[in-house]
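The values are calculated or read from the model by the stated rules, or taken from the named source; none is laboratory data. Note that the structure is predicted; figures quoted are calculated from it, not measured. Every residue, glycine among them, receives a Cβ derived from its backbone with ideal geometry; neighbour counts consider all protein chains shown.
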Amino acid sequence: MKVTNRLLLGLAVALTAGGAGCDARSLDVKTTGAGGGGGSIGIGGADAGGTFVPTRKVDMLFVIDDSSEMRLAQDNFMRNFPALMTRLMDPPGLPDLHIAVISTDMGAGDGSISGCDASGGKNGIFQYTPRGSCTATGLAPGATFIADDGTNRNYTGNLNDVVGCIAALGETGCGFEHQLSAITRALGADGSPPPAENQGFLRPDAFLVIVLLTNEDDCSAPPGSNLYDTAANTTLASMLGPPSNFRCNEFGHLCNGMKPPRLAPNGDVNDSVTLEGCVPAEDGALIPIPEITRRIRSLKQYPDQQIVVTAIVGPPAPYTVKWFGPPFTDTGPWPMIAHSCTASDGSDADPAVRIADFVQRFGGNGILLPICSDNYSPSFDRIASLLPH
């Protein structure tokens with residue numbers, strides 16, 4: 001969601017009132033060694049001699065942005081998801097699959113932000129109820145994720161239809177997206193056990209595949225952060241600046257060692273500044289990417305071999321700051337980040353600097369894919385090319 005568009009309208013009113021892979025490039029499956037560190041959960045993927053033993057088990061977690069302006073991207077996802085399943089059905093057939101869906105909504109602030117509650121939003125809990133136009137998911141009673149080993153399944157009907165029914169999350173989620181915190185919460189990688197609904201999803205000897213679909217960058221702040229304050233911080237001169245998601249950029253990114261500028265160079269709404277060398281700011285305002293990466297890697301004994309991370313996002317460049325007229329009188333125009341891509345259907349996305357850095361930390365098993373694409377089928381094909389067949 002562009003918080004600038006929806007949140008500020010409400011605030012203005014309030015303020016004025018007061019294994020071996022496929023032919024392309026397959027998952028880097030090494031059959032010896034400890035695979036570069038990690039935690040102690042993945043013992044099922046090792047034999048008695050400490051050797052990594054690949055399986056045909058795949059646990060796939062889809063992280064769907066459900067903030068505003070995501071409907072077209074979600075539709076694209078649903079329309080082309082069958083391409084992923086078709087590729088995975090190539091001989092010798094579909095792997096032993098677990099599929100789960102989570103939202104990027106983890107709440108934000110004290111509840112005063114439109115669409116963002118103060119109790120953790122959807123809290124990384126698997127989304128398994130019917131969405132959109134479907135009235136029944138096909139999941140068995142009590143099932144919170146899809147399980148299909150090729151012989152036994154916990155759903156009726158077509159797999160693609162079940163995914164489409166639970167993944168059409170809509171556009172009512174919090175606009176301060178916590179994509180990466182949602183992952184660590186969902187998988188119990190944040191120091192607490194996963195939600196009860198998520199139990200049984202992760203299997204020690206399975207490959208873990210994480211797929212993000214989002215049009216904005218991650219804004220995961222540590223617990224207790226005041227980053228989303230809308231009481232004392234409402235103007236350009238306040239410590240955190242205007243109550244828009246530019247805060248996620250100002251306090252989450254560094255461009256050539258500097259924060260993106262809050263103030264327009266000439267005090268003009270027509271000003272714009274294009275920045276280069278933008279990277280995550282690892283100063284603690286947002287949860288550092290190395291820390292999030294460590295947490296995800298700790299889920300597997302052999303993370304270099306068992307984890308694949310893919311993000312369908314906006315490119316991290318170009319990175320341009322623009323300004324616009326505030327919804328009430330202030331000392332100058334307010335900042336915003338220009339879209340780094342726009343699709344032919346009019347959907348767009350902002351630079352995903354933190355998410356790109358996160359994905360790239362998984363080396364050859366991390367891939368960035370374009371969200372501003374008319375057809376996600378090629379992206380799904382690339383994802384499938386990394387998985388065991």
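Observations
- Unique match (being of a type in the set (A, V, I, L, M, F, W, C), in contact with a helix residue (DSSP H, G or I) (Cβ under 9 Å, 6 or more places away or on another chain), closer than 22 Å to Thr184 by Cα and at pLDDT 95 or above) among Ile337, Ile371, Ile312, Ile367: Ile312
- Of the residues making up region 171-185, none is on the phi > 0 side of the Ramachandran plot and either surrounded by fewer than 24 Cβ atoms within 10 Å (Cβ to Cβ) or among the aliphatic types (A, V, I, L, M) (or both).
- Count of region 198-207 residues which are under 20 Å from the mean Cα position of the chain (by Cα) and surrounded by fewer than 24 Cβ atoms within 10 Å (Cβ to Cβ): 3
- Within the set Met258, Met239, the sole residue that is surrounded by fewer than 18 Cβ atoms within 10 Å (Cβ to Cβ), out of contact with any strand residue (DSSP E or B) (no Cβ under 7 Å at 6 or more places or on another chain), of a type in the set (A, V, I, L, M) and within 23 Å of Ala317 (Cα to Cα) turns out to be Met258.
- Strands (runs of 3 or more DSSP E) lying entirely in region 265-351 (those with 1 or more residues that are under 30 Å from Leu61 (Cβ atoms) and touching a Ser or Thr at 6+ places or on another chain (Cβ under 9 Å)): 307-313, 319-324, 334-337
- Of all residues in region 364-384, those satisfying the criterion of being of a type outside the set (A, V, I, L, M, F, W, C) and either within 27 Å of Pro91 (Cα to Cα) or crowded, with 18+ Cβ neighbours inside 10 Å (or both) are Gly364, Asn365, Gly366, Ser373, Asn375, Tyr376, Ser377, Pro378, Ser379, Asp381, Arg382.
- Looking only at region 357-389, residues that are assigned to a loop (DSSP other than H, G, I, E, B) and acidic (Asp, Glu) come to 1 in all.
Yes/no per residue for (1) surrounded by 23 or more Cβ atoms within 10 Å (Cβ to Cβ); (2) closer than 30 Å to Asn375 by Cβ:
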| site | (1), (2) |
| --- | --- |
| Glu216 | yes, yes |
| Pro243 | yes, no |
| Gly252 | yes, no |
| Arg262 | no, no |
| Lys300 | yes, no |
| Gln306 | yes, yes |
